[in-house]
Amino acid sequence: MELALMKGQKADITKNNPSVKNLVVGMGWSSGSGIDVDFSAFLLRANGKVAGDSDLIFYSNPKDASGSIELVGENKRNLAGKVDQEQVVVRINEVPQAIERISFTLTIYDGEAKRQSFSSVNDAYIRVVDETTGREILRYDIGKNFSIETAIVVGDLYRYNGEWKFNAIGSGYSGGLAALCNSFGIEVKADAPTPPPAPEKAPVIPPKPPEPIITEPKAAPVNLSKISLTKRGDAINLQKGTGALGEIVVNLNWNQKKASTGFFGRSSSGVDLDVGCLYELKNGMKGAVQALGNSFGDFSRAPYVSLDGDDRTGSVTTGENLRINGNKVSEIKRIVIYAYIYEGATNWAEAAGIVTIKQSGGPDIEVRMDEHNNRKGMCAIAMVENVGDQTFSIQRLVEYFSGHKELDEAYRWGLKWVQGSK
């Protein structure tokens, strides 16, 4: 029986199957009409990057320079009772030593422009088969864990202590194939425009052959400027680059009417909308970062989250910022970002709060607080969770609570709360 993996699990390939020489990595999926899913594999060196454009295996480049890794194409085989939509043969004894990892990916062609995502793709899986015997060694069913992503790093075949292993990753990203290429060290360029035809009887000069470039299949431009999480449960990973995540800025901004004086000298005070978070580290440390109680956190030391100020009027154009130290991603388990009304009328619609999560080298992720409950003064906005100690996933919450204790209980933080002030 094949080994069924879950997200994040790793499994031995050659150690438990010493007679294996050639592997077939098969992938399959089903998608709605008009959804164009593309497969590709990146051949990565020790630095996590490709050595050149030829290290991207896809339909326009079906074989690497050594011939050890090859896209099957039209001649796919029925293995263990199934024909996959894509199959790659990996001759493991012939793979150049410089290649330490083969990363298998799926992308949606022109996904951002067509407003398509992996929410419309079902039954996606990857499996590893012994080519000689046809026996399925392991399988990873990706599941329906994606909403607005247009690229998925499905899994990695990699070397470890002289053996080959497999890592079930299942991480989604924005930006399609172009974003993955940039992350893995391939520069994506647009095709040059076709020159107009020469006039009749004019001498025809043969054009200079263009230098080979890698473009996203069908050469689609992508927009990486901003991603909006619009529905509860929408989630996306911060773009995974080749280095550390660096500083992640969580900005809260809102529109607010200034305080005014009405009839009989009565004044209407403005809303003091504050940003904060609950954090949980891998070592079990838990707490809150917020202006209430002067718990401003620390960026360089635990909890690796800090609040840079307290905008009591909403007049500061930059709003309020939480800063998360992405270089410490392996030490952070999860964070819930929230906003609360410290003073003023509970009017979320008037405040029109927006949280923008800014990452270095990737698109901004925006969550608008456009679902309102004016009976409750606290809103859980987004969940930030560790993904494989390499990046964070961002999930839209926008759920309202009467206070810190109720929010704490909803997300099972287990802190003790007392009345505080600023």
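The values are calculated or read from the model by the stated rules, or taken from the named source; none is laboratory data. Everything numeric in this text was worked out from a predicted model, so none of it was measured. Ideal geometry is used to build each Cβ from the backbone, glycine not excepted, and the neighbour counts take in all protein chains shown. Protein only, heavy atoms only, side chains kept; ligands, DNA and RNA dropped before computing areas. Shrake-Rupley method; radii C 1.70, N 1.55, O 1.52, S 1.80 Å.
All of (1) more than 21 Å from Lys231 (Cα to Cα); (2) touching a residue at least 24 places away in the same chain (Cβ under 8 Å); (3) of a type in the set (D, E, K, R) hold for Glu399 with one exception: (1). Residues in the stretch 118-147 that are in a loop (DSSP other than H, G, I, E, B), in contact with a Lys or Arg (Cβ under 9 Å, 6 or more places away or on another chain) and either under 21 Å from Asp38 (Cβ atoms) or of a type in the set (Val, Ile, Thr) (or both): Thr132, Ile142, Gly143, Asn145, Ser147. Within this structure, Arg139 passes the test of being farther than 27 Å from Gly52 by Cα and in contact (Cβ under 8 Å) with a residue 60 or more places away in the chain.
Conditions tested, residue by residue: (1) without any contact (Cβ under 8 Å) to a residue 60 or more places away in the chain; (2) open to solvent by 50 Å² or more (accessible area, probe 1.4 Å).
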{"residue": "Pro18", "(1), (2)": "yes, yes"}
{"residue": "Val24", "(1), (2)": "no, no"}
{"residue": "Ser33", "(1), (2)": "yes, yes"}
{"residue": "Phe39", "(1), (2)": "no, no"}
{"residue": "Leu44", "(1), (2)": "no, no"}
{"residue": "Asp53", "(1), (2)": "no, yes"}
{"residue": "Asp64", "(1), (2)": "yes, no"}
{"residue": "Leu71", "(1), (2)": "yes, no"}
{"residue": "Glu74", "(1), (2)": "yes, yes"}
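Could you check, for the stretch 135-152, whether at least one of its residues is among the acidic types (Asp, Glu), open to solvent by less than 50 Å² (accessible area, probe 1.4 Å) and under 20 Å from the mean Cα position of the chain (by Cα)? Looking through the stretch 135-152, at least one residue is among the acidic types (Asp, Glu), open to solvent by less than 50 Å² (accessible area, probe 1.4 Å) and under 20 Å from the mean Cα position of the chain (by Cα). Whether a residue is under 22 Å from Ile152 (Cβ atoms), at pLDDT below 95 and basic (Lys, Arg) was assessed, and Lys21 does not pass this test. Restricting the stretch 329-358 to residues that are of a type in the set (S, T, N, Q) and modelled with pLDDT of 85 or more leaves a set whose member that is nearest to Met285 (Cα to Cα) is Ser330. Return yes when Ser103 is in a strand (DSSP E or B) and small (Gly, Ala, Ser) and no when it is not. For Ser103, the condition - in a strand (DSSP E or B) and small (Gly, Ala, Ser) - is met. A single entry from Ser360, Ser393 fulfils the requirement of being open to solvent by 10 Å² or more (accessible area, probe 1.4 Å), small (Gly, Ala, Ser) and in a loop (DSSP other than H, G, I, E, B): Ser360.
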